[in-house]
Every structure is written in C-alpha cells, then in structure tokens.
Amino acid sequence: MESQLLSDEQANNIVTTARTATGDSLRSVTYFTRSDFDQLYLRDDLERDADLNTFVGHEWRGYRETQNAYQNSELGEYNFTVRAFENGYLLRVAADRKGALITTDGLSMSSYEEIAEALQRMLEENTED
C-alpha cells in the first residue's frame, strides 16, 4: 500500500519491522498523525471494510488521555497499549504527533514489547511530521 504521509522507505521500514516481529500473525499496520492516517499493510485474507477514521481517532484520543492520566504514576512512563478483541489484538505505539497501530493474531507480551520498542525508535528518529 502506498503512503501519503511517509516516504516509501519509511513506510516499508515500519511494515518490515512489524512483519519481522510478528510473522504470519500480522493482520494490519496503520501509521497515523494528529490529523491523518495511512494503512500501510493489510493481510490478504482480511476485508477492507474497517472504519479506520473512527478507529484511528479513538486511538489518538486514547493515547493522549492515557499519557495525561498516568503522567505521575509510580508505574513509570507510559510506553504502549495492547488491546484484546475477540478476533485479534491491537498494539498502539505513539509519540507526540504520530503513531502506529498494529493488529495481530495472538502473540506473547514479550513480542509486543519488542515491536513497541522498535516502532517507538522509528517514530522518534525516522518519520517526518
């Protein structure tokens, strides 16, 4: 899929990072900013009928609310969110103005931690605002 928000190289790096860490469990990859999003990858066996506009908007607001709510927590700095659904899981990794949503079949928590760490580095270092 072609991205309007990222260079081809940046989009490929995000998808490759997610794909390498998840293998065949990867369902989709979406990059988002405060005002727009691009679905970078969707597994062939899935339908393109998701309401990504609402979905991404909710996750962006959720990131901001979570970051604000837990800013002084004894748990430490907020890193990422994993959500469990009937048919899969969602990993949200975000920075100040951008983020990525990865949907997968089931993975171990350590796998989500690895993916989140790699994506966080990419968001901070390699993407344009």
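Take the residues of the range 65-85 that are of a type in the set (Ser, Thr, Tyr) and surrounded by fewer than 17 Cβ atoms within 10 Å (Cβ to Cβ): which is farthest from residue 45 (Cα to Cα)? Among residues in the range 65-85 that are of a type in the set (Ser, Thr, Tyr) and surrounded by fewer than 17 Cβ atoms within 10 Å (Cβ to Cβ), the one farthest from residue 45 (Cα to Cα) is 73. Select from the range 116-129 the residues that are part of a loop (DSSP other than H, G, I, E, B) and either buried (at least 20 other Cβ atoms within 10 Å of the Cβ) or under 14 Å from the mean Cα position of the chain (by Cα) (or both) and list them in ascending order. Across the range 116-129, the qualifying residue is only 127. One residue alone among 88, 62 is at pLDDT 90 or above and surrounded by 12 or more Cβ atoms within 10 Å (Cβ to Cβ), and that residue is 88. Answer yes or no: is there a residue in the range 22-45 that is assigned to a loop (DSSP other than H, G, I, E, B) and over 17 Å from the mean Cα position of the chain (by Cα). The answer is yes; a qualifying residue exists. What are the pairs, 6+ residues apart or on separate chains, where a residue within the range 107-121 that is hydroxyl-bearing (Ser, Thr, Tyr) has its Cβ under 9 Å from a residue that is assigned to a helix (DSSP H, G or I)? If the second residue must be assigned to a helix (DSSP H, G or I), the pairs left are 111/21; 111/22; 111/25; 112/21. Looking only at residues in the range 29-59 that are of a type in the set (Ser, Thr, Tyr) and in contact (Cβ under 8 Å) with a residue 24 or more places away in the chain, the one that is surrounded by the most Cβ atoms within 10 Å (Cβ to Cβ) is 31.
If you check 67, 71 for being over 11 Å from the mean Cα position of the chain (by Cα), over 23 Å from residue 10 (Cα atoms), modelled with pLDDT under 85 and part of a loop (DSSP other than H, G, I, E, B), only one passes: 71. Among residues of the range 96-115 being hydrophobic (A, V, I, L, M, F, W, C), over 8 Å from the mean Cα position of the chain (by Cα) and crowded, with 17+ Cβ neighbours inside 10 Å, the one that is modelled with the lowest pLDDT is 107.
Residues of the range 82-98 include at least one that is in contact with a strand residue (DSSP E or B) (Cβ under 8 Å, 6 or more places away or on another chain), outside any loop (DSSP other than H, G, I, E, B) and under 18 Å from residue 9 (Cα atoms).
Listed conditions (1) among the charged types (D, E, K, R); (2) out of contact with any helix residue (DSSP H, G or I) (no Cβ under 9 Å at 6 or more places or on another chain); (3) within 14 Å of residue 27 (Cβ to Cβ) are all met by residue 43, apart from (2).
The values are calculated or read from the model by the stated rules, or taken from the named source; none is laboratory data. All figures in this text were calculated on a predicted structure; none of them were measured in a lab. Don't worry about glycine lacking a Cβ; one is built from the backbone with ideal geometry, like all the others, and counts go over all protein chains shown.
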